[in-house]
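What follows is a short report on a single structure.
The values are calculated or read from the model by the stated rules, or taken from the named source; none is laboratory data. The structure presented is a predicted model; accordingly, all values stated were derived computationally and were not measured. Glycine also receives a Cβ, built like all others from the backbone with ideal geometry; neighbour counts cover every protein chain displayed.
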Amino acid sequence: MVSYIIQRILGAVPLIFGLLTITFFIIRLAPGDPTSMFIDPNIDPRTAEQLKENFGLNDPLPIQYGKWLGVLPPFNGIIEGEFGVSFSKQRPVFEIISDALVNTLILTSVALLLDLLIGVTLGIYSALHRGDQLDQAITVGSLFIYSMPHFWLALILILIFSLGLGWLPASQMHSVNAEQLSIIEYFWDLIRHTVMPVCVLGIASAASTVRYVRSSMLEVIQQDYIRTARAKGLNERSVIWKHALRNALLPLITIIGLSFPFLLSGAVITEVIFAWPGMGRVTIDAIFSRDYPLIIANTFVAGIVVIAGNLLADVMYAVADPRVRIK
Amino acid sequence: MKWIAAWTFTVAVLLLGSCGKTPLPVNGGTVVIALSSDADLLNPLLGTGSNTGAVIQFLFPDLTEQDFNPSDGTLRFTPSYAKSWEWKKEGLTLIYHLRTDAFWSDGIQVTSQDIKFSYQLYGDPKVASPRSNYLNYLIKNNDGQIDFDRAIETPDDSTVIFNFESAYQKDQQLLHTQLGFVPAHLFQKIKAKDVRTASSNWKPVSAKHYAFLSWVPKQEIVLVRNPRWVIPHAAYIDRLVFRIIPEMSTRLIELKTGTADIVEGLSPDDAVDIEKQDPHLRIETQKYRRFEYVGWSHLDNEIYKKSKHKIVQPHPIFGNKQIRKALTMAIRRDELVEGWLGKYGQICIGPISPAFLWAYNDSVKPMPCDPEKALFILRQEGWIDHDGDGILDKEGKKFEFTITTNSGNPRRAFALQKIQSDLKKIGIICHAEWVESSVFTNGLKNKEFEAFITGHNVNMTIDLLPQYGSDIERNTFNAVSYQSWKVDSLIHVAASAIDVHHAGPVYKILHRVIYEDQPVTYLYWYDNIVGINNRVRDTHVNILSPYYRYYDWYVQDSIR
């Protein structure tokens, strides 16, 4: 298993490198440029030109690529792990990303837990009580929420719980002057700020998880081995929780693995609406300001998350299902 | 009895005296300002964008404070870090006499050396300051570079002398010498090429009413009161918190729920809604600083591009002044104002702000919104619906073009749809194109659009050359490629007048000449609408700034 994981990680290196190279060329060939914010009648036109020179954007594309790799002077490119300084923020890109990544992971990990908790519970209930009123209500409700855009759900929640009832804060991670609170109050403040964005991400994802779990469970409980288990006199609880559920959740492992990048990308709109200072906002700002080093570093992180998610899914699958275990 | 009468009289006087008296400002409290995006760098040499400027103005000293005189629309300059100033050598030299009781937040005294050193950084190409053009009028050496030894003199710590190449408008001289400055004792240790990445840009040492406390990127910037800065008096509010909330709807809800105290850039609908439904909020407006217009390319973009900016040939449609006039008449600017801006806007008739009474020509009247007259002019120019398909045509070519604007701006989207509908009524097909802001800005610079909707934020001094100067290669912001020798010479005459009141009559002529030429269709002036919680008292939003005289603000509650 360990050698399999190492093999997969080594195989990911050229994949990530290729991804970054493609990103490098695409963003430079796309219209717009990083100095367009300096194109203004009130700003000296020489500023944009000087900054282009400072950022190395006046070099031919192959030279820019060589410098970016680190094979041309000053020999500090991504081969040495140097992703550079953000054009717009003038800070090392990973300094910017590290702050944002933690905030996004707080949001998305809690949302993923909520997704699984709601999705698996309701999915199993729905499958076991197929056709009853609650199953129908869950089916309609999950389809309704699944087809609802994130931004709309977010705004509705803000209108109800912030403006209408005044129970929850509408934006940000902390209240004003939160640093003056005690530790317990500080965490309670963080939880209150987290509730709505987590609900938007978690409930929306749970709506699809419910459907997956329901259909998977329905398929499993109609299998011969479940009938055999019942026939040999096992009680219903053992049949469902020990035999049926383990098999029904196998496809869910793949979904969880693939959910990591989805939760990161799905958080973009949620983060903007709730002013959550995470990766989504860093990515959006980087793209709009054509901050090439920051876009590439974001792509790197996103690529790592996708590959790690897939690897995790494969490993978990192997752990859960002896049939696909690798020797 | 006399004693009772005297007592009653005294009580009555005291009661009457207290009626209507405004409460005295008190120190303390926190004011939360919601911003749409984070600041970039907290350094006056480098900061760009209105949100960065909003924070910087609380931190870095000014030589003078600006005031606006609404009776004649002129600027007034009052002492700030400079106690006084005077001109010598017939306007070639401007001398500031500085205070000696101003200190940076690390305890070091602010001196004239800070100013000179900061200006040297402004002029250094390695720093690439967006405000380096403010130094253009200072004395230069034979190589055309600014000669800082002669241009800025500091005979002692409390005197700074600016020497100009030639005398020009005194208001502009004052404005050009108002650039913010940084502590020399910190920045002298940093190489010019590293100024942009200096940690001081993230944790600035300041010298004004507020000092920097903390900055959590994409969350908030917190400033605390600096009681030592007393020009003209110390600020009352203890803390200013700038919260970064990108989504307008969320900012509005934060304002309504009382979590944010000040929010700029509200929509007219939101402002009307607040005035009706939210008694704890008030609306103040910054007027006549921003207008929007439809630009019509005067030159044939395709030929200009293909010839690598060498062949300047009139645009087949918009190169004709009469056509531009007809288009202006066909666009119902009155309905545009009524439909979107309401009382928060008015029809625009030129690039000079109506607030600048000394330069604004109030005898220029807006062209009538008259589609029939527009059609009459177009027919005279040969644009007639020959084939009866409802579309005007001339020499076999239909009257059809594309207007481009940037996406994500609902006001411009509304204007574009209205223009499409108005022009369709007289038989003109107008296609709409929305592009991302960065692409749009570059497209304007490279003259890629035949028609476009954009806007302009006017400065407090008038400089029309970048947008209306005939040298279209040099004046890259003349996106429509307007060329008029008359306008060029009038701009030159106005700019060389020493006193604004002498320049005023020239600007009034200029205003009329430009409007008659209709280089663009001026649409509307729109207000910067600011929502303010009533707990924050004594705000003075005006044409200069939404944060004008922020040091007068105070709160009298214990909410924050």
- line: Going through the stretch B:248-272 in order, the residues found to be acidic (D, E), within 21 Å of A:I160 (Cβ to Cβ) and within 12 Å of another protein chain (Cβ to nearest Cβ) are B:E254
In the stretch A:86-119, the residues that are aromatic (F, W, Y) and either under 19 Å from the mean Cα position of the chain (by Cα) or more than 14 Å from every other protein chain (Cβ to nearest Cβ) (or both): A:F94
query: Does any residue in the stretch B:48-67 that is among the small types (G, A, S) come within less than 7 Å, Cβ to Cβ, of a residue that is at pLDDT 95 or above six or more places away or on a different chain, and which pairs are these?
result: B:A54/B:L35; B:A54/B:Y547
field: Boolean, B:V182 is at pLDDT 95 or above, away from every other protein chain (no Cβ under 14 Å), farther than 30 Å from A:G278 by Cβ and crowded, with 21+ Cβ neighbours inside 10 Å
entry: yes
- request: Answer with yes or no whether B:I221 is within 14 Å of another protein chain (Cβ to nearest Cβ), farther than 30 Å from B:W87 by Cβ and in a loop (DSSP other than H, G, I, E, B).
  value: no
Pair list, Cβ under 8 Å, 6 or more apart: the stretch A:246-257 residue more than 12 Å from A:V319 (Cα to Cα) and touching a residue at least 12 places away in the same chain (Cβ under 8 Å), other residue polar (S, T, N, Q) and surrounded by fewer than 18 Cβ atoms within 10 Å (Cβ to Cβ): A:N247/A:Q223; A:G257/A:N310
- prompt: In this structure, is B:I377 touching a helix residue (DSSP H, G or I) at 6+ places or on another chain (Cβ under 7 Å) and outside any helix (DSSP H, G or I)?
  reply: no
query: Of all residues in the stretch A:226-284, which are farther than 19 Å from A:P197 by Cα, crowded, with 19+ Cβ neighbours inside 10 Å and acidic (D, E)?
result: none
task: Inspect all residues belonging to the stretch B:322-330 and state whether any of them is within 30 Å of B:F356 (Cβ to Cβ), surrounded by 18 or more Cβ atoms within 10 Å (Cβ to Cβ), touching a Cys at 6+ places or on another chain (Cβ under 9 Å) and of a type in the set (A, V, I, L, M).
output: yes
field: Hey, A:L168 under 30 Å from B:F242 (Cβ atoms), surrounded by 15 or more Cβ atoms within 10 Å (Cβ to Cβ), touching a Lys or Arg at 6+ places or on another chain (Cβ under 9 Å) and modelled with pLDDT of 90 or more or not
entry: yes
Count of the stretch A:152-196 residues which are closer than 19 Å to B:R239 by Cβ, free of Cβ contacts under 8 Å to residues at least 40 places away in the same chain and within 13 Å of chain B (Cβ to nearest Cβ): 9
message: When the residues of the stretch B:481-509 are narrowed to those that are polar (S, T, N, Q) and part of a helix (DSSP H, G or I), which ends up modelled with the highest pLDDT?
response: B:S489
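Residue-by-condition table, conditions (1) free of Cβ contacts under 8 Å to residues at least 24 places away in the same chain; (2) part of a helix (DSSP H, G or I); (3) closer than 17 Å to B:R535 by Cβ:
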residue	(1), (2), (3)
B:V241	no, no, yes
B:E254	no, yes, yes
B:T259	no, no, yes
B:A271	no, yes, no
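Residue-by-condition table, conditions (1) among the β-branched types (V, I, T); (2) within 13 Å of chain A (Cβ to nearest Cβ); (3) within 28 Å of A:A30 (Cα to Cα):
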| site | (1), (2), (3) |
| --- | --- |
| B:D422 | no, no, no |
| B:G427 | no, no, no |
| B:S438 | no, yes, yes |
| B:G443 | no, yes, yes |
| B:F452 | no, no, yes |
| B:G455 | no, yes, yes |
| B:V458 | yes, yes, no |
| B:T461 | yes, yes, no |
| B:G469 | no, yes, no |
Residues of the stretch B:202-213 that turn out to be in contact with a helix residue (DSSP H, G or I) (Cβ under 8 Å, 6 or more places away or on another chain) and either surrounded by fewer than 17 Cβ atoms within 10 Å (Cβ to Cβ) or within 14 Å of chain A (Cβ to nearest Cβ) (or both), as a count: 0
message: Of the residues B:G350, B:G427, B:G408, only one is touching a residue at least 60 places away in the same chain (Cβ under 8 Å) and part of a loop (DSSP other than H, G, I, E, B); which?
response: B:G350
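Per-residue answers, yes or no, for (1) at pLDDT below 90; (2) of a type in the set (A, V, I, L, M); (3) under 15 Å from A:T21 (Cα atoms); (4) touching a Gly at 6+ places or on another chain (Cβ under 6 Å):
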site	(1), (2), (3), (4)
A:T47	yes, no, no, no
A:P62	no, no, yes, no
A:L72	yes, yes, no, yes
A:F75	yes, no, no, no
A:I78	yes, yes, yes, no
query: Looking at the stretch B:513-543, which of its residues are in a helix (DSSP H, G or I) and within 22 Å of B:R289 (Cβ to Cβ)?
result: B:I514, B:Y515
- prompt: Among the numbered criteria (1) modelled with pLDDT of 95 or more; (2) more than 30 Å from A:F38 (Cβ to Cβ); (3) assigned to a helix (DSSP H, G or I), which single criterion is violated by B:V11?
  reply: (1)
- prompt: Say we look at the stretch B:110-155 and pick out the residues that are out of contact with any helix residue (DSSP H, G or I) (no Cβ under 9 Å at 6 or more places or on another chain) and outside any helix (DSSP H, G or I); which of these is farthest from the other protein chains (Cβ to nearest Cβ)?
  reply: B:V110
- prompt: Among the residues of the stretch A:257-269, is there at least one that is within 14 Å of another protein chain (Cβ to nearest Cβ) and within 22 Å of A:S98 (Cβ to Cβ)?
  reply: yes
task: Among what's in the stretch A:113-136 and is in contact with a Phe, Trp or Tyr (Cβ under 8 Å, 6 or more places away or on another chain) and surrounded by 17 or more Cβ atoms within 10 Å (Cβ to Cβ), pick the residue that is nearest to A:I296 (Cα to Cα).
output: A:G119
The stretch A:29-85, residues that are surrounded by 15 or more Cβ atoms within 10 Å (Cβ to Cβ), more than 9 Å from chain B (Cβ to nearest Cβ), of a type outside the set (V, I, T) and part of a loop (DSSP other than H, G, I, E, B): A:L57, A:D59, A:G70, A:L72, A:G77, A:E82, A:F83, A:G84
message: Testing B:K126 on (1) closer than 30 Å to A:M37 by Cα; (2) charged (D, E, K, R); (3) touching a Pro at 6+ places or on another chain (Cβ under 8 Å), one condition comes back false. Which one is that?
response: (3)
